[in-house]
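The values are calculated or read from the model by the stated rules, or taken from the named source; none is laboratory data. Since the structure is predicted, the reported quantities are computational estimates derived from the model, not experimental observations. FYI the Cβ positions are ideal-geometry reconstructions off the backbone, even for glycines, and counts take in every protein chain you see.
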Protein chains: 2
Amino acid sequence: MSTPYLGDFEMLVALAVARLAPDAYGVSIQREITARTPRSVTLGAVYATLVRLEDKRLLAASDSAPTGERGGRSRRVYTLTAAGKKAIARSHDAVRRMMDGLETALGHA
Amino acid sequence: MSTPYLGDFEMLVALAVARLAPDAYGVSIQREITARTPRSVTLGAVYATLVRLEDKRLLAASDSAPTGERGGRSRRVYTLTAAGKKAIARSHDAVRRMMDGLETALGHA
DNA sequence: CTATTAGTTCTACATTGTAGAACTATGTCC
DNA sequence: GGACATAGTTCTACAATGTAGAACTAATAG
């Protein structure tokens, strides 16, 4: 299959990974999304989505060393692959094209 | 439930309805999406999504009179409700906020 | 060695995405 | 009016994504 389109939540997770690089892992991703959007996000949702994006090779993962803080165990850290960046671009592009010239009609100029 | 977030395909269908008003119906919506994006779309997918968006009161439907053309039977015509416009704005906004300042990092300046 | 904390995985289910076949209504032409 | 072509919609069935919450694991502090 060629580069897929991302689901809406996959899109947010992928963008969070891009923002947080090179420190994107489950907890920081959840924090980033809830901080920047009004959307409420559980950790379960984030982790499930990370696994799926990794399966599709849109993200690559590696395990970090423990942090030294109390409870600071090793993190599973994600980065975007080239295919991942392409998937973001394609998905966003489709929306952009459908929105083109529609701003006024929708009332949020 | 307050205004929901749209799935990625729901978003494209809702935007097509906005573009095509007041002539948005199954077939024209499919045409619009395939014309403006590289995404392939079956009619089954479009109709299923229209029903779901109508159930959620994001779209309102009415039946038109037959067109007079050969085979031109009555169409089920859709328009966006206020809640529908809000859902588009909310969904797009979440992505916009997550993308903010990220353009260069993703390589599609 | 017990408590506390950061982090991840598992389980289960709801919603959304998708394709293709079946069906229905309209007009044309003889 | 009845065969037929055509525009349009609905149905059926399943795959992928979204979601919540509980369970689990690994680390440090005391």
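Taking the stretch A:49-68 as the search range and keeping residues that are near DNA strand D (Cβ under 6 Å from one of its atoms) and exposed (fewer than 14 other Cβ atoms within 10 Å of the Cβ), which one is modelled with the highest pLDDT?
Restricting to residues being near DNA strand D (Cβ under 6 Å from one of its atoms) and exposed (fewer than 14 other Cβ atoms within 10 Å of the Cβ), the top hit is A:PRO66.
Looking only at helices (runs of 4 or more DSSP H) that fall completely inside chain A, which ones have 1 or more residues that are farther than 14 Å from B:MET98 by Cβ?
Passing ranges, in order: A:26-36, A:43-55, A:82-99, A:103-106.
Find all pairs meeting these conditions: Cβ atoms under 6 angstrom apart; at least six residues apart or on different chains; first residue within the stretch A:1-22 and in contact (Cβ under 8 Å) with a residue 60 or more places away in the chain; second residue assigned to a loop (DSSP other than H, G, I, E, B).
A:ALA18/B:LEU102
Inspect the stretch B:81-103 for any residue being more than 30 Å from A:ARG31 (Cα to Cα), surrounded by 15 or more Cβ atoms within 10 Å (Cβ to Cβ) and either in contact (Cβ under 8 Å) with a residue 60 or more places away in the chain or away from every other protein chain (no Cβ under 14 Å) (or both) and give the result as yes or no.
There is no residue in the stretch B:81-103 that is more than 30 Å from A:ARG31 (Cα to Cα), surrounded by 15 or more Cβ atoms within 10 Å (Cβ to Cβ) and either in contact (Cβ under 8 Å) with a residue 60 or more places away in the chain or away from every other protein chain (no Cβ under 14 Å) (or both).
Could you go through the stretch B:40-48 and let me know if any residue there is surrounded by 18 or more Cβ atoms within 10 Å (Cβ to Cβ) and either over 26 Å from A:GLY107 (Cβ atoms) or within 11 Å of chain A (Cβ to nearest Cβ) (or both).
Checking the stretch B:40-48: at least one residue is surrounded by 18 or more Cβ atoms within 10 Å (Cβ to Cβ) and either over 26 Å from A:GLY107 (Cβ atoms) or within 11 Å of chain A (Cβ to nearest Cβ) (or both).
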